[in-house]
Amino acid sequence: MDLLGFARGPALEVSVGIFCAGVVWRIAAFALLKIRREQSRPRQSVLRYVSEGLLATASRSWPHPEFTKRTGAGEALGYSYHMGLFVVILLYGPHIALLGSLVGFTWPGLPSPLITGLAVVTLTLFCGVLFRRLTSPVMRMLSNFDDYFTWFITMLVLVTGLAASAHLGARYETLLAIHILSVDGLLVWFPFGKLMHAFYIMPSRAINGAILARKGAPS
Amino acid sequence: MSRLSDIPVRVEGLPQSAPQSGTSSTTPAGLGGGLAAILSELATLLGRLAASEETAMIDLRSLPMSPADRILLQRALGDGEVHATLKAQGLSTARETGVAGVWWIEHRDAHDELCAELLEVARFPQILASAPDEIQDAAVALQARNSAAA
Amino acid sequence: MSTTPQVTVGEMLRRNGVSRRAFIKFCTASASAMALPAWMGAAMAEQLRHAPRPSVVYLSFQECTGCFESFTRSFAPTIENLMFDVISLDYDDTLMAASGSAAEAALATAMKDNYGKYVLIVDGSIPTGAGGACCTAGGRSADMTLRAAAEGAAVILAVGTCASFGGIPFANPNPTNAWPVSGIVAGKPIINVSGCPPIPEVITGTLLQYVTTGKLPDLDENLRPKAYFGNTIHDRCYRRPFYDAGKFAKSFDDEGARSGWCLYELGCKGPTTYNACATMKWNDGTSFPIESGHGCLGCSEPDFWDKGSFYAAQSSADWNSAGETSPREVLELAGGTAAAGAVLGVGAAGMGRLRQHHSEKE
C-alpha cells in the first residue's frame, strides 16, 4: 500500500474513529457531572433565565464595550481566520468530494482560485495570531503546550493543503498524502486539546449565562 | 479524419508583403518569441555553414510554434528558386526558401499525413543526393544490361 | 521470420524494395515522434543500414494480448516498418506462422544464435501459483521459460502493466500468485513500458530507441523511460485550466461534462499517473480517455486496481480499497466509536462526581 492509500484509508478511518470516541467521551465527562445546587433564591422564572442564558451565547460573542479597546483587535483576528478556515474547508471542490463521500450528500462550492486566495489570507492571519500570542505579555504567560501545539497542527494542515493544491515541492501523490495525514493528526488531537472549544463554547456560555441570569444579572 | 490542424488559420493585422527571393529576411515583429528565436538560430547556423560547411537541422514540430508563428515564419523566409518533390513511401517536398542555404522540408507518409517537418541548413538537402553505394550498384547493373544487349 | 539476422538492415531494405530515401524519411519521422534531435534521424538511418538486424524475441505469458494489439497499431514506426526493415522478430506467438514443436525449435535457435545480444520483449505477468501450472506452454511454465530466455537477453522490455508491475492478475487477492518481470528476473537491464495497454508509439519508440542507440534510455524509479513517463497526465492535460478555475463536472454527461470541465470529482487519477496520453494520445493523436469524457484510470501505475474506486475523487476517503467509502460505513464507525467514547465518558464523569462529592463534604 502506498502512502496516499494509507493516508486516505486506514489512517483516516482510525482518526475518524478516535475523533468520534474522544469527542463523545469529553462531552459526556462534563455533561454528566453533578450541577451544583444553587442555594440562592432565583430572581427570575426558569423560562426567563434559561432563555437569557441562551442569549448569552450571542452577547458573549463580542467583548463588552469597556474591553473592546484592549481585546477587540484580537477578537476580530480570531473571527477572521475562523471564517477563512470554514470557507476553505467547506466550500472547496475536493473537500466537498471528501465530506460528501462521508455524509452522502454534496453542496456547491466556490471557484478554486478564490479559495486559494482566501487560504493565503487565512495563513497570514494565522501567523498574526501566533505573533500576538508571543508578544503580548499576558498571552505569553497564559499560553501552554496545548495552545502552541494546536496552532502548529492547524497550520500544518493549511500549509500542506496549499502545497498540494499548487503541486509545489514534491510529487502530487506525496503532497496529497502528507496533507491528508496532517488532517488525520488534527482529528486525533482534536478531542484532547483546546480544539474542543468547538463543542464547549456554546454550552459553556449558555450555562454560565443562565446561572448569572438566575441571580438577576444577565450578561 | 479531420483534425484541429486542418482548420485554416487566418492571422490578422500582419504586414502584407513578403520578402523577395535572394534578399536576407528582416525580422518582423513576431506574435511570440518563437519566431525571433528561430530566425536567430538560423542566422547562427548559416554562419557556421558559410565558415566550415557544417550542416544542421531544426525540427519544426519540436518547437512551441502557434499556427500564426508558422505563417509568419513562412513569410519571413519567403520562397526560393528550387522546389523538389520526392516520392518515397509517400510524398515529400524540399523547398528552397528565400534565404540561401535554408531549405523547408515536409515529409508525408503513405496516408498523406505529415510525419515530419524540418528546416535544413545546407547547400542542398542530404536526402536529395543519390547515395554512393546505390550509384555503384546502378553502374554494375547498367554495365550488365549493356553487355547483355550487345 | 528470418532466423539468420546477420543480414544487415540495409540489405533487407534493398531486398524489400525500400529505397534509402524512404528509410531516411522513416527514421526522421520516428526521431521526430520520439522527440529526438532532428539530425538523429539521418544518423539513425546510417547506423541501422550497416548494422545486422537486431534479433527480437517476444514472449507472452498471463496476458490479454491487449499490449500486443497495441504494438501492432503503432503509426510511427509501424510494425511493418520495424519487422521488415529494422528488427528480426524471431519469435512471437501471435504473428508467427509456425506452431507446436516447429515454433519451439525457432525459439531455441533464435536464442542460441543470438545469445547475449537479443532483445527480449515480455508481456503478461508470470504466475507462480500451483507450481507454475497456471500458465504453461509446451510443458514448461511461464516462470521456467522466462528465466531461460532472460539468460541470453541483452535487455528485457516489460511491455504493459502486467509485465511491469503485475497488473490485473496481481490485484487483490492475486489468486495465481502473479509476479511482474522484475519480480522474477534479476541481474538484467529491464525497461518497464507500462500502461493497460501502453500507447503503441511508446512501445515501438522505446524499442527503436534501444535498437538504434544500443543504450538504455533515462529511466525513472519504476524503470520506465522518462521520455514518455516523466510527466503526469495532469501536467499536460488540456482540461487543466478548468481544474485551476475550480470548474468540475459533477456527473457524467451533465452541463459541466458537456462543456469539457475537469473530471477530478468523477475520479480522474490524472494527477498521480505518469504517462504520455495527454500529449501523444491514441490512434495517431486522435484522442485519449479524458478528451473522450472519462477520467484517467491510472493504468500505468503499480497497483492501480487496488487504489480505490475509479469514480471517487482522489481526495475522498477510501477505507476498504474496494470502492467508494459509503456513508453507512461512516455511520457504523461513528456509532461504534461514539458508544465506546460514551462508556469512557460515563467513567470519567463518575470519577468527576466522586471528586465533587469529596470536595463538597469538606
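What the table shows:
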| item | result |
| --- | --- |
| Residue list for the range A:69-102, restricted to those being within 14 Å of chain C (Cβ to nearest Cβ) and under 16 Å from the mean Cα position of the chain (by Cα) | A:87, A:88, A:89, A:90 |
| Test: residue in the range C:234-251 that is of a type in the set (S, T, N, Q) and within 24 Å of the chain's Cα centre (by Cα) | no |
| Any pair with Cβ under 6 angstrom, 6 or more apart, that starts in the range B:121-134 at a residue that is closer than 17 Å to residue B:103 by Cβ and ends at one that is in a loop (DSSP other than H, G, I, E, B) | B:121/B:101; B:122/B:55 |
| Filtered residue count, the range C:106-151, keeping only those that are buried (at least 19 other Cβ atoms within 10 Å of the Cβ) and not in a helix (DSSP H, G or I) | 15 |
| Count of the range A:9-23 residues which are over 14 Å from residue A:193 (Cα atoms), facing chain C (nearest Cβ under 8 Å) and out of contact with any Phe, Trp or Tyr (no Cβ under 8 Å at 6 or more places or on another chain) | 4 |
| Residues of the range A:32-72 satisfying the condition of being in contact (Cβ under 8 Å) with a residue 24 or more places away in the chain and among the hydrophobic types (A, V, I, L, M, F, W, C) | A:50, A:54, A:55, A:56 |
| Hey, residue B:140 more than 9 Å from chain C (Cβ to nearest Cβ), touching a Lys or Arg at 6+ places or on another chain (Cβ under 9 Å) and of a type in the set (A, V, I, L, M) or not | no |
| Residue that is surrounded by the most Cβ atoms within 10 Å (Cβ to Cβ) [pool: residues in the range B:100-117 that are among the small types (Gly, Ala, Ser) and modelled with pLDDT under 90] | B:116 |
| Per-region count, the range A:1-35, residues over 20 Å from the mean Cα position of the chain (by Cα) and within 17 Å of residue C:329 (Cβ to Cβ) | 7 |
| Condition broken by residue C:309, with the remaining ones in (1) surrounded by 19 or more Cβ atoms within 10 Å (Cβ to Cβ); (2) under 19 Å from residue A:13 (Cβ atoms) satisfied | (1) |
| Verdict on residue A:79 being loosely packed, with under 14 Cβ neighbours inside 10 Å and either modelled with pLDDT under 85 or closer than 22 Å to residue A:219 by Cβ (or both) | yes |
| The range A:164-183: number of residues that are within 11 Å of another protein chain (Cβ to nearest Cβ) and assigned to a helix (DSSP H, G or I) | 11 |
| Among the candidates A:11, A:56, A:28, A:21, residue that is assigned to a helix (DSSP H, G or I), modelled with pLDDT under 85 and crowded, with 16+ Cβ neighbours inside 10 Å | A:56 |
| Residue match in the range C:283-299 (condition: surrounded by fewer than 21 Cβ atoms within 10 Å (Cβ to Cβ), of a type in the set (A, V, I, L, M) and out of contact with any strand residue (DSSP E or B) (no Cβ under 8 Å at 6 or more places or on another chain)) | yes |
| Selection count, the range C:257-281, where residues are in contact with a helix residue (DSSP H, G or I) (Cβ under 8 Å, 6 or more places away or on another chain), not aliphatic (A, V, I, L, M) and not in a loop (DSSP other than H, G, I, E, B) | 9 |
| Residue under evaluation residue A:109, criteria (1) assigned to a loop (DSSP other than H, G, I, E, B); (2) small (Gly, Ala, Ser); (3) surrounded by 16 or more Cβ atoms within 10 Å (Cβ to Cβ); (4) more than 10 Å from chain C (Cβ to nearest Cβ), criterion not met | (4) |
| Meets criteria (closer than 25 Å to residue C:125 by Cα and assigned to a loop (DSSP other than H, G, I, E, B)) for residue C:300 | yes |
| Residue under evaluation residue C:310, criteria (1) touching a residue at least 12 places away in the same chain (Cβ under 8 Å); (2) within 10 Å of another protein chain (Cβ to nearest Cβ), criterion not met | (2) |
| Condition met for residue C:60 (hydroxyl-bearing (Ser, Thr, Tyr), in contact with a helix residue (DSSP H, G or I) (Cβ under 6 Å, 6 or more places away or on another chain) and surrounded by 22 or more Cβ atoms within 10 Å (Cβ to Cβ)) | no |
| Test: residue in the range A:32-47 that is assigned to a helix (DSSP H, G or I), facing chain C (nearest Cβ under 7 Å) and surrounded by 13 or more Cβ atoms within 10 Å (Cβ to Cβ) | no |
| Whichever residue in the range B:88-99 is more than 10 Å from chain C (Cβ to nearest Cβ) and in contact with a helix residue (DSSP H, G or I) (Cβ under 8 Å, 6 or more places away or on another chain) and, among such residues, is surrounded by the most Cβ atoms within 10 Å (Cβ to Cβ) | B:99 |
| Test result for residue C:336, exposed (fewer than 14 other Cβ atoms within 10 Å of the Cβ) and modelled with pLDDT of 85 or more | yes |
| Residue under evaluation residue A:49, criteria (1) under 30 Å from residue C:303 (Cα atoms); (2) over 25 Å from the mean Cα position of the chain (by Cα), criterion not met | (1) |
| Test: residue C:321 is within 9 Å of chain A (Cβ to nearest Cβ) and at pLDDT below 85 | yes |
| Filtered residues of the range B:77-119 (kept if aliphatic (A, V, I, L, M) and over 9 Å from the mean Cα position of the chain (by Cα)) | B:77, B:82, B:84, B:86, B:88, B:91, B:99, B:100, B:110, B:114, B:116 |
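The values are calculated or read from the model by the stated rules, or taken from the named source; none is laboratory data. Since the structure is predicted, the reported quantities are computational estimates derived from the model, not experimental observations. Quick reminder, even Gly has a Cβ in these numbers, built from the backbone with ideal geometry, and neighbours come from all protein chains shown.
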